[in-house]
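To keep things clear, I will list the structure first and then write my remarks on it.
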Amino acid sequence: MSDCIFCKIVAGEIPAQVVHRGAGMVAFEDVAPKADVHVLVVPERHLESLRDVAELTPAEAKGMLDFVAETARKLSLDDYRVIVNVGPGGGQTVFHLHWHVLGGKLPVFG
Ligand code: 5GP
Ligand code: ZN
């Protein structure tokens, strides 16, 4: 999508600290980290939110989960938190599906 920030990061049109890339997925550092480690994991393909996950094939959906776990391993995180905000009511502000991977000292949740 032409006006999507994360599509622009995927395309290299907006700079980001990319930490892992492959299999149609990209992981990059959150510009405003909420924990010692805060990385966003996104599919290269634009999906508005997790609500649209059925648009992925089963293999793509499994690949996405594998990539989230691989990214945490690559960041040397043993224990960590994964969050997906869905819709404005769920705290979503960027409407390209993304997984927050948070590690280190974590914010109090809820
Ligand atoms: P959401 O609230 O949609 O679940 O999370 C969006 C996240 O994207 C926020 O944590 C925010 O800090 C991050 N973010 C917003 N704009 C940018 C950007 O241009 N670059 C990067 N790296 N992160 C961004
Ligand atoms: Zn997008």
Problem - Condition check for Val53: among the β-branched types (Val, Ile, Thr) and assigned to a strand (DSSP E or B) - result: no
Problem - Where a residue in region 88-99 is over 13 Å from Asp30 (Cα atoms) and its partner, wherever it lies, is assigned to a helix (DSSP H, G or I) and near ligand 1 (Cβ under 6 Å from one of its atoms), with Cβ under 8 Å and at least six apart - result: His96/Ile5
Completion exercise
Exactly one of Pro15, Pro33 is farther than 22 Å from Val86 by Cβ and part of a loop (DSSP other than H, G, I, E, B), and that one is Pro15
Fill in the blank from the handout: Every listed condition ((1) closer than 13 Å to His96 by Cβ; (2) surrounded by fewer than 15 Cβ atoms within 10 Å (Cβ to Cβ)) holds for Gly22 save (1)
Handout entry: Single residue of region 32-44 satisfying the filter (over 12 Å from the mean Cα position of the chain (by Cα) and touching a residue at least 12 places away in the same chain (Cβ under 8 Å)) that is nearest to Leu75 (Cα to Cα)
Key = Val37
Problem - Of residues in region 1-23 being of a type in the set (Gly, Ala, Ser) and touching a residue at least 40 places away in the same chain (Cβ under 8 Å), the one farthest from ligand 1 (Cβ to nearest atom) - result: Ala23
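Within region 83-110, track down each residue that is surrounded by 12 or more Cβ atoms within 10 Å (Cβ to Cβ) and either of a type in the set (Lys, Arg) or part of a loop (DSSP other than H, G, I, E, B) (or both).
Val84, Asn85, Val86, Gly87, Gln92, Val94, Phe95, His96, Leu97, His98, Gly104, Leu106
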Practice task
Go through region 56-82 and count every residue that is more than 14 Å from the chain's Cα centre (by Cα) and either part of a strand (DSSP E or B) or within 16 Å of ligand 2 (Cβ to nearest atom) (or both).
Solution key: 2
Problem - Selection from region 34-43 of residues that are surrounded by 15 or more Cβ atoms within 10 Å (Cβ to Cβ) and either within 14 Å of ligand 1 (Cβ to nearest atom) or among the charged types (D, E, K, R) (or both) - result: Ala35, Val37, His38, Val39, Leu40, Val41, Val42
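No lab work stands behind these numbers, since they all come straight from the coordinates. Just so you know, these numbers come straight off a predicted model, no measurement behind them. Backbone-built Cβ (ideal geometry, glycine too); neighbour counts: all protein chains shown.
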